[in-house]
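Here is the structure we will look at.
The values are calculated or read from the model by the stated rules, or taken from the named source; none is laboratory data. Note that the coordinates shown come from a computational prediction; the quantities given were computed from them, not determined experimentally. Here Cβ is always computed from backbone atoms with ideal geometry, including for glycine, and neighbour counts include all displayed protein chains. Surface areas here come from the heavy atoms of the whole protein model, side chains and all, with no ligands, DNA or RNA. Shrake-Rupley method; radii C 1.70, N 1.55, O 1.52, S 1.80 Å.
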Number of protein chains: 4
Amino acid sequence: MKSKQIAFLGLGNMGRPMALNLARAGHSLIVYDIMEAAVQQTLEEAKKETTLSIKSAKSPHEAVCEAEVVITMLPSSPHVKELYLGSGKLIDSVKDATLLIDCSTIAPDTAKEVASEAKKRRALLMADAPVSGGTAGAAAGTLTFIVGADAQTFDLAKPILEKMGKNIFHAGTNGMGQVAKICNNMLLAIHMIGTAEALSLGKSFGMDPKILSEIMSKSSGRNWSLELYNPHPGIMENVPSSRAYQGGFAVDLMAKDLGLSQEASASSRSSTPLGALATQLYRLHSAQGSGKLDFSSIIELFGKKLG
Amino acid sequence: MKSKQIAFLGLGNMGRPMALNLARAGHSLIVYDIMEAAVQQTLEEAKKETTLSIKSAKSPHEAVCEAEVVITMLPSSPHVKELYLGSGKLIDSVKDATLLIDCSTIAPDTAKEVASEAKKRRALLMADAPVSGGTAGAAAGTLTFIVGADAQTFDLAKPILEKMGKNIFHAGTNGMGQVAKICNNMLLAIHMIGTAEALSLGKSFGMDPKILSEIMSKSSGRNWSLELYNPHPGIMENVPSSRAYQGGFAVDLMAKDLGLSQEASASSRSSTPLGALATQLYRLHSAQGSGKLDFSSIIELFGKKLG
Amino acid sequence: MKSKQIAFLGLGNMGRPMALNLARAGHSLIVYDIMEAAVQQTLEEAKKETTLSIKSAKSPHEAVCEAEVVITMLPSSPHVKELYLGSGKLIDSVKDATLLIDCSTIAPDTAKEVASEAKKRRALLMADAPVSGGTAGAAAGTLTFIVGADAQTFDLAKPILEKMGKNIFHAGTNGMGQVAKICNNMLLAIHMIGTAEALSLGKSFGMDPKILSEIMSKSSGRNWSLELYNPHPGIMENVPSSRAYQGGFAVDLMAKDLGLSQEASASSRSSTPLGALATQLYRLHSAQGSGKLDFSSIIELFGKKLG
Amino acid sequence: MKSKQIAFLGLGNMGRPMALNLARAGHSLIVYDIMEAAVQQTLEEAKKETTLSIKSAKSPHEAVCEAEVVITMLPSSPHVKELYLGSGKLIDSVKDATLLIDCSTIAPDTAKEVASEAKKRRALLMADAPVSGGTAGAAAGTLTFIVGADAQTFDLAKPILEKMGKNIFHAGTNGMGQVAKICNNMLLAIHMIGTAEALSLGKSFGMDPKILSEIMSKSSGRNWSLELYNPHPGIMENVPSSRAYQGGFAVDLMAKDLGLSQEASASSRSSTPLGALATQLYRLHSAQGSGKLDFSSIIELFGKKLG
């Protein structure tokens, strides 16, 4: 792939390593973050590797006005809407035919609205491409991207996303990347809590949670949480439950994604009873002081000492 | 293995084919059911295969009094308790050192109580060995047995169970077979409903449930229901959702197993919020007239026409 | 009270009778609705009573530019935000010191934002005053208003609201009217469903729901749904359950208010597990085709024939 | 009423003061408890009041064999079943036409079974009469009794129950006393948690919980928990929330009654989703160490500091 001029906006714990991986792949980056310190940290890390082409911009406008590709990685729906459509209105700053990729996890309705405005007012190409894989995946370039875009835009975005990730899924048209991400994470929360309940229930009868995990992993209870991310301490190595729930995917981030699932449930008038209860349980767990722990720590909510 | 004298009590849709498979393996069976018709059907099916040794008894006592092994397959906890410990008191009819295997799915507390009485009053060997795999698995001899018993008893039971099933798990001491079965099925119900909610939510945004299933199957939402038993019609062949939810594992049977999970939650004072809600949703689904459909039909509860 | 120039925007099933009651009290009204038909219906109803002073405006701007008081009654948060702060920006059209009363039921965060902008940019007086009591209460002038405003603004608003309602509560500062309304309706939904569950459970054991209602009404289960709005047909006269759930407060409106409660739960990171489940059950009930019925029809969700 | 020979079995914190009140009304009591200490405490308290006629029996049989009325107050279903129908079989010890009143809170199915056996084997009169009102009500003689019995038996039981309580409800035939009690307490738990959620949600937006309580008490959110037993500290005097949740009705007792509601839901195949979630939340609250606190302490589960 030919080297491209890429504007990267949003240099947090996810965005920074993603931008660096794009530069390592030979692209020319111009980066921006509302926090000056985040910009400086990115530039310093880039300096350690002499061949990288990264410079910074003073404003979103300056960052994007000459770019062929714009990538954004922001915290929530209002940030994305404000940046693209608000007072600064990014979609007015970019050149025609620019490829816009928003990697934030946001409400599908916002993703659709931004894409619709982008296409309506200007002939821009837009994709929503939320990620999973966490900061470790961002650093290693092994993220998963779930992309909502028309086929042509997906084909253009894919080789760029492949410099930051390993699995690139095409979920459908604009907004569908967000829909698939939200549905997946809601389902993940549900089977994580379900796994925690099953292991706790078994243990309360004196059953060894390791044996119970083995049996259910070979039976119809099988799921990702049980097999690859067991929430009970001492069953698997190298998962958060074996290091006091440090690292991993924080309860507060899961609670945020579940909040998006409930916004989507309301917006589409869909019924998601287990999703709603999972949302409340993660919110409860956070309110009790566990917001920064890995989300598999939900097993501790059930209040009996583990270990 | 040497041919054994086996008493088999409980010749319903599961018990009958299980008994026939034991006879096919060369064992001598004496069978009993409280329903005379069930006994007759078993004998008639046996007659089609000339080599099988199966005869019937007029009472549980007559069935078991000369047996080396007794296997029971009954509908619920009270039936099991009444048969073994009640007025007829099976444990007083059997010879010393008889191996007793109860394949019913019942409350762990009942399984423990029966085993405890059997051991206390007589030197009997007892195992709880609930099955999964349904009537198809019973016919094919591919059931899964989850066994609660001491190690010696498990070793004796295993070669017999292998004539009826493919996977024989040792879950722990008496009652643990039931615990593991109940935990597994509670977790299964949770991820089935979770999968149904996720697919319905995605679909309400216009997302193709087939693509969504593919993406989640390769992501952290992955689970047995999604991968092997997809509840949305038209995604997989040869699953109940592709034949109007006929066959499979009935809603009412899942509701019964979930009831056991909530009895276990009460008895052990464990908290199982998603398990409790799943129980209620299956009960609601049944009350709305779907009790005989396969349990993956829960996706229809959410009320928007599928397909 | 001296007659005032009042602009009334939003002439739906609630707004129209409210506006008429203000005119009946001697105020001069200038009314507006985005739907021309709603304006015409209001003017025609006004004509039947010769003394009323009501005229219509062609735009929000025209309606409010000379008003002493502006009252708005709109469907949802985005409508309110757009009207007051959006492209037309009502807060720039009004005179200084105008009293603004928004009677819509919306998100507390939106109410706070609008009030804050109104006060920041212009020295305006703003109150949020969501109502309860339904269309019957609006016609009879017996609504309940729950008001969020500073004390001075509340004192100014109260005599005006008293022309449309009977109970005027001061809940606190801006936004608190919405908070109290949302909390009340969430609690109402919870005890309505709880009452429905209790009556259905009792009935399934053969208990007379009328006797059960009497006993619980004199015991600690007592609540507004049970005493004044019994969901089981045949227990009370003149409630929706006695007329096939026609009239009253629609399932879809309750679902909307519950949606606001869950938005508020997310925004404040509060945990509302029963509120979340009530939300889902109303959404499920609506999806099954009961959206237009009174909210006490939730008892029918449980699927056993009543009556 | 003529003085009667009454056998009273079960002298715990509820039974002891109930028995004393019967003796104060002039009845002759013969008491029994499996714990000798409970018998002694009852006799000692009786001695302080010289006119009371109370003596103790060495066995249930001795207590009841000459009694005209037998009253039992036991912890749970298995205790009641064992006492009346088990090895000692109380129903074989009593004289013909004895009036049996079981004041325990137990499963309706057990109450029905015991009454059915009592009537079938012997011409006995049986009532289930679970109480509410707690130890304070037991001491003051102001309990509420909810009675399941035929009309003749109810008429005989009523004057006796009136010596121990203030409100005596006739719920229907045998078992209906239990049904009504369980339904009432399930509904109580639901509106207590709902009230706690609503007050917590309001507070998280800065709303004064006292003002919010006042507004909802005059609105459709009104319920017994809110008006008479407010769970938020500092709103009412003389309720458990104003004395650190000491005294009152313990979380573990509420969890027990909720367990009965879920047993009843399973047995009758009724759907009680909020009841099931309330059960789990009380169990969770207990598991986190609050089992001995008053049940209004559930507001603390939501984890934000109150007061």
Could you compute how fast chain C diffuses translationally, taking Rh as the Kirkwood radius over C-alpha pairs and applying Stokes-Einstein at 37 °C with viscosity 0.692 mPa s? Give it in µm² per second. 161 µm²/s
Could you state the angle between the C-alpha long axis of helix A:108-121 and the longest principal axis of the C-alpha atoms of chain A, as a value from 0 to 90 degrees rounded to the nearest 10? 10 degrees
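Share of the stretch B:151-307's accessible area from carbon and sulfur, percent, 1.4 Å?
Solvent-exposed carbon and sulfur of the stretch B:151-307 make up 51 percent of the total.
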Probe 1.4 Å, all chains present, heavy atoms only: B:Cys65 accessible area in Å², nearest 10, is 40 Å²
Those residues of the stretch A:236-275 for which accessible area with every protein chain present is at least 10 Å² below the isolated value (1.4 Å probe): A:Asp252, A:Gln262, A:Ala264, A:Ser265, A:Ala266, A:Ser268, A:Arg269, A:Ser270, A:Ser271, A:Thr272, A:Pro273, A:Leu274
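Considering only protein heavy atoms, with the full assembly of protein chains and a 1.4 angstrom probe, order C:Arg269, C:Arg24 by accessible area, largest first.
Greatest to least solvent exposure: C:Arg269, C:Arg24.
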Tell me, how many Å apart are the Cα centres for the stretch A:32-79 and for the stretch B:1-17? 72 Å
May I ask you to evaluate 6.51 cos²θ - 1.76 cosθ + 1.60, the Karplus curve with θ = phi - 60°, for each residue of the stretch B:131-142 and list the ³J(HN,Hα) values in order in whole Hz, giving x for glycine and proline? 10, 9, x, x, 5, 5, x, 5, 5, 7, x, 10
Please arrange D:Thr72, C:Thr142 by accessible surface area, largest first, computed with a 1.4 Å probe and ligands excluded. C:Thr142, D:Thr72
Shielding score for B:205-213, defined as the mean number of other chain Cβ atoms within 10 Å: 6
Summing +1 per Lys or Arg and -1 per Asp or Glu among the other residues with Cβ less than 10 Å from D:Ile168's Cβ gives +1
If a/c stays under 1.5 just call it rounded; otherwise compare a/b with b/c (prolate if a/b is bigger, oblate if not). Do that for the stretch C:213-307, with a ≥ b ≥ c from the square roots of the Cα gyration tensor eigenvalues. oblate
Roughly how many Å² is the accessible area per residue of the protein assembly as shown, as a whole number, for a 1.4 Å probe? 36 Å²
Where nothing but the Cβ of Lys and Arg (+1) and of Asp and Glu (-1) is charged, how large is the charge dipole of the stretch B:172-307 around its Cα centre, in debye to the nearest 20? 120 debye
Mean-square fluctuation maximum in Gaussian network of chain D, Cα pairs under 10 Å, restricted to D:Leu281, D:Leu125, D:Leu201, hits D:Leu201
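Provide the packing ranking of D:254-266, C:188-200, i.e. peptides ordered by the mean count of other C-beta atoms within 10 Å per residue, highest first.
In decreasing order of mean packing, D:254-266, C:188-200 become C:188-200, D:254-266.
Any chance you could list the semi-axes, whole Å, largest first, of the equivalent ellipsoid that the Cα gyration tensor gives for the protein assembly as shown, using √(5λ)?
Value: 56, 44, 25 Å, ordered largest first.
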Place a +1 charge on the Cβ of each Lys and Arg in the protein assembly as shown and a -1 charge on the Cβ of each Asp and Glu, then give the dipole magnitude about the Cα centre in debye, rounded to the nearest 20. 0 debye
If I build a Gaussian network model for chain C, linking alpha-carbon pairs within less than 10 angstrom, which residue out of C:Thr110, C:Thr50, C:Thr279 has the largest mean-square fluctuation? C:Thr50
Sticking with the crude label model, points 7 Å out along Cα→Cβ, report the distance from C:Lys120 to D:Gln246 in nm, one decimal please. 4.9 nm
With θ taken as phi - 60° and the coefficients 6.51, -1.76 and 1.60, list the Karplus ³J(HN,Hα) couplings across the stretch C:262-275 in order, rounded to whole Hz; mark glycine and proline as x. 7, 4, 5, 4, 5, 5, 9, 6, 8, 9, 9, x, 5, x
State the Cα centre-to-centre distance between the stretch D:236-262 and the stretch A:233-256 in whole Å. 35 Å
Residues meeting the amide H criterion for C:Leu100 (H placed from the backbone, H to H distance under 5 Å, 5 or more places apart or on another chain) are C:Val70, C:Leu125, C:Met126, C:Ala127
Using a simple spin-label model with points 7 Å from Cα along the Cα→Cβ vector, what separation in nm is obtained for D:Glu227 and D:Ser53? 4.3 nm
Counting helices only, and only those DSSP H runs with n ≥ 4, report the 222 nm mean residue ellipticity of chain D as the sum of -39,500 (n - 2.57) divided by its residues, in deg cm²/dmol to the nearest 500. -14500 deg cm²/dmol
Accessible-area value, D:Phe205, 1.4 Å probe, nucleic acids and ligands omitted, Å²: 20 Å²
Sequence order, the stretch C:175-180: Karplus ³J(HN,Hα) from phi using 6.51 cos²θ - 1.76 cosθ + 1.60, θ = phi - 60°, Hz rounded, Gly and Pro as x, gives x, 5, x, 5, 4, 5
Taking H as built 1.01 Å from N, whose amide H comes closer than 5 Å to the amide H of A:Leu143, not counting residues under 5 places away? A:Gly165, A:Lys166
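Taking N as the number of residues in the stretch C:142-231, what is its Cα Rg relative to 2.2 N^0.38 Å?
Against the empirical 2.2 N^0.38 Å value, I get 1.47 for the stretch C:142-231.
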Spread of Cα-to-Cα distances over 10 Å intervals beginning at zero, given as percent, for the stretch C:1-148: 12, 45, 36, 7, 0
Return the whole-Å distance between the Cα centroid of the stretch B:109-174 and the Cα centroid of the stretch C:125-157. 68 Å
Let me cross-check B:Tyr84: its accessible surface, 1.4 Å probe, with only protein heavy atoms counted, in Å² to the nearest 10? 0 Å²
For A:Gly175, what residues show an amide H to amide H distance below 5 Å, using hydrogens built from the backbone and excluding near sequence neighbours? A:Asp128, A:Gly148
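With N residues in the stretch D:48-125, what two-decimal value do you get for its Cα radius of gyration over 2.2 N^0.38 Å?
Scaled against compact globular proteins, the figure is 1.14.
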Under 9 Å from the Cβ of D:Leu85, count the other residues' Cβ atoms, weight Lys and Arg +1, Asp and Glu -1, and hand me the total. -1
